[in-house]
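Shown next, in structure tokens, is the structure this report addresses.
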Amino acid sequence: MGNSKTNYTVPFAIMSFLLFLLGFVTWINNILVPFMKIQFNITESQAQLVSAAFFGAYIISIPVGGMVKKVGYKMSVIIGSIIVAIGCAIFVPALNIGYGMVLAGLFVTAIGVVILQVAANPYVIALGTPETSSSRLTLAMAINSLAAVLAPIIGGYILDSSGDSVVVNEQLAKTLFITLSAIAVGTAALLYFMHLPDIEGDEDSSDAGKGRSAWSYPQVVLGFIAIGMYMGLEVGVGNYFLNYVEYNVAGKSMDFASKILGFYPLGFFFGRVIGAGLLKKYEPTKVLLVNSVICVALLATFFITKGSAFSIWPLIAQGLFLSIMWSVLFDLSMKDVPASAAKQASGIICTGVVFTGMWMVIMGKVVENSTMTFNGAEVTNYGSAYAFFFLFYAYIIFFALKGAKIRRNA
């Protein structure tokens, strides 16, 4: 066993890079929402269909879990990378065809991301001891955060605000997606010729839960809901941030907002690096609870200072404390689930991401019907979307205190 551990460095690095790729593709949506609104002259809730199309693809997570079980981790990530490449390629001509075609391209891209997500997370958990699984997945997700830092910075060049107008650089948007497509193809080709250690051997007849459905484990179902709530937080901050700063904060532009937004995922990176160490010393449920309470305090601060330049920072600061939540929620949901049900459980938990699109569209509807006085005029109140965060944090606090401990052992 000690010898096999030494071989885990390469597969861990490969999975971390895949998390980097899917992280960039996912976080670029924060820029695409205002981009599409301007490009196709559509409403806020229609623009939020970018999130609905992308995250709606996670509805296939359960059958993807079955596919991963059938073809293995390596072939799954190769297939996922190729589908990401196809989706990114569709985006290029779609900009000249219409918004519906763009959504179709994003949906195809998201299918590939789902496959990568469902395969990579349990694989990283399996690459070592169960005691350090939360720490290991958190460290891998730190690499994912680097992509999240780059996405708004690069995306900021696609949107340029001058005065009261915001213009888009369509050619740069096309170049970006052509590059992403090429990287995904190259990744698939590289993976094809590389060896990934097989951890299927964990699924033997000694599994006490052999044949039992992953749905029979309450921690999996409660974790599925928790991931849905968490994704509303992670995606929600960025999706409304640019417009909030542009239209609800005096003296600040969308160009400024796109650059400042980079600090949000930067908080994820540092939070995950620090969190990987903390999770080796403290119980994941306690770390999750403390971070959630701090985030609620930051959210309250935002609403107290809403409209001021200072209010930007409580939103950005949440990234530091949200950082460990995906890995901790995922890992706690997988605890005591036998290897025979692990891939199905991963699919169920990842399906919770589907909630994201629903949240964004609902939040968009609320924003469309909410106004505030700004510089003596009635304007759309983009900050109203963040009121939903209190609900999301309430459930995650419940999960930390109680939900994660409601388990059915193998």
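Rule-based calculations on the coordinates, nothing more; no lab input. A quick note: this is a predicted structure, and the numbers were derived from the prediction, not measured. Using ideal geometry, Cβ is built from the backbone for each residue, glycine included, and neighbour counts are taken over all protein chains shown.
Among MET194, MET229, MET101, determine the one that fluctuates most according to a GNM of the chain built with springs between C-alpha atoms less than 10 Å apart.
Between MET194, MET229, MET101, it is MET194 that shows the largest mean-square fluctuation.
Can you tell me the Rg and the Dmax, both Å, for the Cα atoms in segment 11-65?
For segment 11-65, the Cα radius of gyration and maximum Cα-Cα distance read 14.3, 45 Å.
Among 356-365, 293-302, how do they line up from the highest to the lowest mean number of other beta-carbon atoms within 10 Å?
Values: 356-365: 22.0, 293-302: 17.1.
Ranked from most to least packed, the peptides come out as 356-365, 293-302.
Springs between alpha-carbon pairs under 10 angstrom, Gaussian network model over the chain: which of ALA182, ALA341, ALA147 fluctuates most?
With Cα springs under 10 Å in the chain, the top fluctuation among ALA182, ALA341, ALA147 is at ALA182.
State the answer as a single residue: which of ALA119, THR132, ASN381 lies farthest towards the positive end of the charge dipole of the chain, with beta carbon charges of +1 for Lys and Arg and -1 for Asp and Glu, about the Cα centre.
THR132
Between THR9 and ASN41, what length comes free when the chain is fully extended (0.36 nm per residue of separation minus the Cα-Cα distance, one decimal in nm)?
Roughly 6.7 nm would be gained on extension.
Which order results if GLU368, GLU170 are arranged by neighbouring Cβ count within 10 Å, fewest first?
Result, fewest neighbours first: GLU170, GLU368.
Taking the Cα centroid of segment 247-292 and of segment 296-339, what is the distance between the two, rounded to the nearest whole Å?
Going from one Cα centre to the other spans 7 Å.
Rounded to the nearest 500, what is the chain's calculated 222 nm mean residue ellipticity when only DSSP H runs of at least 4 contribute -39500 (n - 2.57) each, over all residues?
Computed ellipticity for the chain at 222 nm equals -24500 deg cm²/dmol.
Looking at this model, which pairs from LYS252/LYS365; LYS69/LYS343; LYS70/LYS343 are more than 18 angstrom apart at the alpha-carbon?
Cα-Cα > 18 Å for LYS252/LYS365; rest within.
Can you check what the net charge comes to around GLN48, using other residues whose Cβ is under 13 Å from the Cβ of GLN48 (Lys, Arg +1; Asp, Glu -1)?
Value of the local net charge: 0.
In nm, what is the difference between 0.36 nm times the number of residues separating PHE270 and ALA300 and their Cα-Cα distance? List each step's numbers first, then the result.
Numbers: separation 30, 0.36 × 30 = 10.80 nm, distance 2.31 nm.
Between PHE270 and ALA300, full extension yields an extra 8.5 nm.
Which lysines, on any chain, are close to LYS174 with Cα under 22 Å apart, when same-chain ones fewer than 8 places away are left out?
Cross-link targets: LYS37, LYS259.
For segment 214-256, list residues with backbone N below 20 Å from a point placed 7 Å from the Cα of ALA309 toward its Cβ?
241-256
Between THR179 and PHE374, what is the spin-label point distance in nm, taking each point 7 Å from the Cα along the Cα→C-beta axis?
It works out to 3.0 nm between the two label points.
Helix 312-322 versus the longest principal axis of the chain: what angle, 0 to 90°, nearest 10, using Cα atoms?
The answer is roughly 0 degrees.
I'm spelling it out carefully: the read-out is Cα Rg over 2.2 N^0.38 Å, the candidates are (1) 1.04; (2) 0.90; (3) 0.95, and one was derived from this structure. Which label?
(3)
Of the peptides 380-391, 76-87, how do they stack up when ordered by the mean number of other Cβ atoms within 10 Å, highest first?
76-87, 380-391
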